[in-house]
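S.K.: Got a structure for you, written out below as structure tokens; questions coming shortly.
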Amino acid sequence: MVTNKFERDLLRGSLDLMVLSVLAGGGRKYGYLIQKEVREASGGRVDLAAGTLYPLLHRLEDDGLIKSSWDDSTGRERKWYELTAAGRKRLSAQAQEWADYAACIRQLLAIAKVQPTS
Amino acid sequence: MSDHEFDNYLALLSRLLRLDRKQRDAIAGELRAHLEDRLDELLARGVPRDEAVRQALEEFGDAAGLAAEFVSLSGNKRKRWIMRLPTASAAAIVLIAAGIFTFWPGTSAGPGAATSVAQTQEPQTKADPTDKEKPAEIKKAAAIKDVLERRTAIEFSEVPLRDVARRLSDQNGIAIALDAKGLEDAGINLDTPVTQTFRDVRLRTFLDLMLGQLEMAYYVTDNVLVFTTPEQRDSRRLVRVYDCRELLGMDRPRGSVLRKVTRGGMAGGGFFAVQDEPVEKTRPATGSGDGAATPPATGAAAPEAQNVPSGGQGIGNGRSGEGNANAAGTEMSDVENLIQFITTIVAPETWTEVGGPCSIAEYKGLIAVASTEDVHGEIERLLNMLHEAANLKAVKVTVLE
């Protein structure tokens with residue numbers, strides 16, 4: 001579940017991208033940290049519930065886009081995730097798609113003369 | 001309340017995960033780390049521990065829903081579309097044969113209020129059964145007893161009753177049956193529009209409210225939630241045995257029948273099923289349409305009993321719950337006190353003593369009760385309250401099916 005600060009449908013297609021982006025930020029991260037970074041990066045507008053995040057992480061791992069390892073060096077046994085080469089590739093492809101999509105929408109809104117209010 | 005709250009949650013989740021042991025442990029371990037991180041953070045912010053534990057769990061959402069996500073994930077991965085038939089489905093087939101509409105979790109999409117942004121849901125929605133027949137693709141059946149206690153968001157606007165049942169089934173991962181004939185005989189139309197909105201409500205409370213307004217009721221049988229008329233519900237008498245030996249300070253004889261009881265809350269776990277999860281103490285009382293339950297009395301008794309150090313006082317003469325058995329004479333009077341306490345507070349007009357249909361009897365600290373689902377729920381809560389006040393674990397309940 002995600003807060004409704006954004007339309008659900010709008011978010012649906014972009015959660016993978018968000019998680020992959022956070023992981024591309026460097027190093028390995030565990031679920032709690034990923035959740036936190038997505039929240040912070042979105043200025044609190046996207047709050048990924050654990051019930052959405054963990055199944056999503058597991059799916060990305062099944063797809064070979066991220067890989068995981070267990071480690072208790074931080075004092076707690078955690079499952080750490082990092083991007084694989086395939087994940088990096090997917091990220092840049094998706095980033096391109098999103099940029100194109102955003103540009104397209106912006107164009108259409110300009111034609112419709114609709115201005116965002118904030 | 002402590003971290004062991006997490007144990008309960010994770011154990012429940014684990015039980016609902018139809019995956020192999022290793023996968024289940026890995027998921028539980030990962031989620032545990034998350035819960036503990038969250039707890040630490042909340043504690044550091046000065047949130048009281050109880051509140052922090054509660055909040056951490058609440059943010060996680062219900063175990064059944066989460067388990068379903070993981071399970072459907074692994075199903076997709078293996079590209080398997082097996083029809084899972086939990087024990088409960090046998091009951092459903094019987095119900096269907098009896099002309100009862102049954103809805104199964106995960107069998108239809110339904111743009112539900114609580115639809116989350118989870119990307120693993122789509123493949124679950126292949127089958128689209130129209131009304132009764134065919135329990136098609138079943139992801140899993142959550143333990144209804146647990147699901148009923150869970151908080152959820154409800155948003156129904158002019159939704160026909162039968163669709164309400166369908167949606168609740170999908171959203172909560174439980175099987176729901178509509179006793180179509182019984183309801184229609186009682187003049188209740190299955191297309192009656194329902195409008196209800198709650199941001200955060202226990203499913204049990206919601207059902208009491210919604211069905212109460214429609215002059216309907218529900219009961220649980222074989223892990224199927226059945227919507228029916230209050231009369232129909234009340235005509236079902238179920239026998240349960242409450243183990244009150246500890247509460248009554250009796251020694252627990254080894255090798256007694258309860259030792260052999262199988263554990264686990266899922267229906268169909270065998271002849272016996274023991275439920276030993278603690279019941280929340282501040283739950284609002286849920287008297288429903290039949291007026292049999294007496295919530296105010298239960299509510300009023302709670303603070304009183306919690307203020308005393310031993311549960312014995314709650315039942316009359318203040319004997320310590322942990323103490324060894326006293327003379328048989330006092331034991332008898334304790335038992336009588338306890339039974340009187342129960343029959344005075346819970347559904348007082350239904351007991352055989354006053355000409356009602358429900359009976360209660362005791363054998364060596366085991367209290368057997370034949371009554372309705374609702375009354376059993378009240379008794380269990382009441383006994384749990386006494387057990388808690390006496391610093392004992394939740395009461396053990398044996399269900400005789």
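No value in this document is a laboratory result; all are computed from the given coordinates. Being a predicted model, the structure only gives us computed values, none of them experimental. Quick reminder, even Gly has a Cβ in these numbers, built from the backbone with ideal geometry, and neighbours come from all protein chains shown.
S.K.: Using helices alone, what [θ] at 222 nm do you get for chain A, with -39,500 (n - 2.57) per DSSP H run of 4 or more residues, divided over all residues and rounded to the nearest 500?
M.R.: Working: 5 runs with 66 residues, N = 118.
Roughly -18000 deg cm²/dmol at 222 nm, from the helical runs in chain A.
S.K.: Starting from region A:27-118, pick out the trypsin sites (Lys or Arg not before Pro) whose DSSP state is loop and whose Cβ has at most 15 other Cβ atoms within 10 Å.
M.R.: Values: sites: A:ARG28, A:LYS29, A:LYS36, A:ARG39, A:ARG45, A:ARG59, A:LYS67, A:ARG76, A:ARG78, A:LYS79, A:ARG88, A:LYS89, A:ARG90, A:ARG106, A:LYS113; in loops: A:ARG28, A:ARG45, A:ARG76, A:LYS113.
Counting only loop positions with at most 15 other Cβ atoms within 10 Å, the trypsin sites (Lys or Arg not before Pro) in region A:27-118 are A:ARG45, A:ARG76, A:LYS113.
S.K.: Ok, one more. Helix A:85-111 against the longest principal axis of chain A: what's the angle in degrees, Cα atoms only, rounded to the nearest 10?
M.R.: Taking Cα atoms only, the helix is inclined about 20 degrees.
S.K.: Once the Cβ-Cβ distance between B:ASP40 and B:LEU400 is put in as r, and R0 is 56 Å, what FRET efficiency do you end up with, to the nearest 0.05? All intermediate terms of the calculation are to be shown ahead of the outcome.
M.R.: Values: r = 45 Å, r/R0 = 0.80.
Calculated value: 0.80.
S.K.: With the Cα gyration tensor of region B:4-60 giving a ≥ b ≥ c as the square roots of its eigenvalues, does the rule (a/c under 1.5 for rounded; else a/b larger than b/c for prolate; else oblate) give rounded, prolate or oblate?
M.R.: Values: a/c = 3.49, a/b = 2.32, b/c = 1.50.
Prolate, because a/c is 1.5 or more and a/b exceeds b/c.
S.K.: What full-extension length gain, to one decimal in nm, is calculated for B:SER235 and B:ARG21 as 0.36 nm per residue of separation minus the Cα-Cα distance?
M.R.: Details: separation 214, 0.36 × 214 = 77.04 nm, distance 4.17 nm.
My answer for the length gained is 72.9 nm.
S.K.: Also, I was wondering about something else. Quick one: which of A:LYS67/B:LYS145; B:LYS181/B:LYS396; B:LYS145/B:LYS396 span more than 26 angstrom between C-alpha atoms? The partial results should precede the final answer.
M.R.: Values: A:LYS67/B:LYS145 37 Å; B:LYS181/B:LYS396 36 Å; B:LYS145/B:LYS396 15 Å.
Correct reply: A:LYS67/B:LYS145; B:LYS181/B:LYS396.
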